Amino acid sequence: MIQLSDLEFFATLAQSPSLAAAARALNVSSSAVTQRLQDLERRVGAQLIDRRSRRVELTDEGELLATQGRVITEAVVDLGEALSAKGDTVRGRLRVVAPIGFGRAHVAPIIAAFATQHPSLAVELTLTDRLQRHPMAQWDLAILIGTRRDARVTMRTLAPNERLLVAAPSYLARAGVPQAPRDLLAHACLVVRENDEDVTLWTLHSETTGTTRVRITPRLASNDGDVAREWALAGHGILLRSEWSVADDLRTGRLVRVLPGYRAPSADILLLLNPTRARTKRSERFVEALTAALTPAPWRVAE
């Protein structure tokens, strides 16, 4: 007999590029995914995945299970929502995906407060800087920093977020203060490699001189924003970083703006809504909580 959990498992598998990717998404080992798939195939009496390919390619039976399984799981969710809509109780499971650094600093506390207010709700927070590795079937809401174009999802801006050039006063006292973007070529620059963007091409705009693009050579690079921030605080160079990450350091003077007359492209805090979950009570209430907590943006630095 097929269980609802089987349908949810196979939905994740069907939207993953490989069994290894599905294992990462499910937070289990690859062998566990293989064993569960084999057990499911045994119970339905059909092969669901084409074993001749390294990628996940569904057989005809697999396509049928994925398609009909999606209809069934969505119907179950809709039924639960319809039943709970007659009262004020927010129940069920809410799955949220957020960037690692921002998620720790801002989303996790909001979720904790929200779960306290709604004890019948279970919330799952996944922190990742690679949203593309998490198929839409695995989340109800996703928070993203920057830009994203995807016609399948509804996107709204949660809060403004500038990207600022910053450095420690000790570094600027030792290396000098840049007066124009080209001066950055003579400085130690720090970068954060959080996604697939070109982090060595810094685009800066001034109302008087227009847009300048500078190809910097990183002195230090990390995939962890906190590490790069610590390097900047220690005086190792100039960092281009989100306002939310360095706002407190700017207020206290631990970091200062570099080239304050120039602006990098903004990287606003965006909310992506899974179209099949956007109208559930739990999603709507959580969006309200997010919006209230981030309005005005708690990191906003006064000009």
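Nothing in this text is a laboratory measurement; each read-out follows from the coordinates by a stated rule. Bear in mind that the values here come from a model prediction, so they are computed numbers and not experimental data. As a convention, Cβ positions derive from the backbone with ideal geometry for all residues, glycine included, and neighbour counts pool all protein chains shown.
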Simple spin-label estimate for VAL28 and GLN47 in nanometres, 7 Å along Cα-Cβ: 2.2
If we sort 209-222, 19-32 on the protection proxy, mean other Cβ atoms within 10 Å, highest first, what's the order? 19-32, 209-222
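Once you compute Rg and the Kirkwood Rh from C-alpha atoms, what is the Rg to Rh ratio for the chain?
1.05
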Against the longest principal axis of the chain, how steep is helix 60-84, in degrees 0 to 90 to the nearest 10, with axes from Cα atoms? 80
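Output the peptides 38-47, 262-271 sorted from most to least packed, where packing is the average of other Cβ atoms within 10 Å over each peptide's residues.
Working: 38-47: 13.5, 262-271: 18.0.
So the order, starting with the most tightly packed, is 262-271, 38-47.
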Report ³J(HN,Hα) in whole Hz for each residue of the range 47-56, in order, from the Karplus equation J = 6.51 cos²θ - 1.76 cosθ + 1.60 where θ = phi - 60°; Gly and Pro get x. 7, 9, 10, 6, 6, 6, 10, 6, 8, 7
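222 nm [θ] for the chain, helices only, -39500 (n - 2.57) per DSSP H run of 4+, per residue, to 500? Don't jump to the answer; show the numbers that get you there.
Values: 9 runs with 108 residues, N = 303.
Mean residue ellipticity at 222 nm (helix-derived): -11000 deg cm²/dmol.
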In the neighborhood of LEU164, defined by Cβ-to-Cβ distances under 9 Å, what is the net charge if each Lys or Arg adds +1 and each Asp or Glu adds -1? +2
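Note down the relative contact order for the chain as a percent, whole number, built from C-alpha pairs under 8 angstrom at least six residues apart.
Working: 476 pairs, mean separation 63.3, N = 303.
Result for the chain is 21 percent.
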In what sequence do SER53, SER242 fall when counting other Cβ within 10 Å, fewest first? SER53, SER242
Calculate, in nm to one decimal, what VAL214 and LEU127 gain on full extension: separation in residues at 0.36 nm each, minus their alpha carbon distance. 28.2 nm
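Let me check I've understood the local charge: for VAL123, count other residues with C-beta under 9 angstrom from its C-beta, Lys and Arg +1, Asp and Glu -1. What total comes out?
Details: positive: ARG93, ARG95, ARG282; negative: GLU124.
Residues near VAL123 contribute +2 overall.
May I ask you to derive the relative contact order of the range 1-87, considering only C-alpha pairs under 8 Å and at least 6 residues apart, and to give it as an integer percent?
Working: 70 pairs, mean separation 27.3, N = 87.
In percent, rounded to a whole number, it is 31.
With the contact rule set at Cα under 8 Å and sequence spacing of 6 or more, what percent relative contact order holds for the range 150-303? Present the calculation step by step, with values, prior to reporting the outcome.
Details: 256 pairs, mean separation 61.4, N = 154.
Relative contact order comes out at 40 percent.
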Please give, to one decimal in nm, the separation of the simple spin-label points placed at ARG174 and THR154, each 7 Å out from Cα toward the Cβ. 5.1
Listed by chain and number, the residues whose amide H is under 5 Å from that of VAL123, excluding neighbours fewer than 5 places away on the same chain and using placed H, are LEU94
Gap separating the Cα centres of the range 257-300 and the range 26-77, nearest whole Å: 35
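Once you sort the root eigenvalues of the Cα gyration tensor of the range 174-303 as a ≥ b ≥ c, which label holds: rounded (a/c under 1.5), prolate (a/b larger than b/c) or oblate (the other case)? The partial results should precede the final answer.
Working: a/c = 2.01, a/b = 1.94, b/c = 1.04.
Verdict is prolate for the range 174-303.
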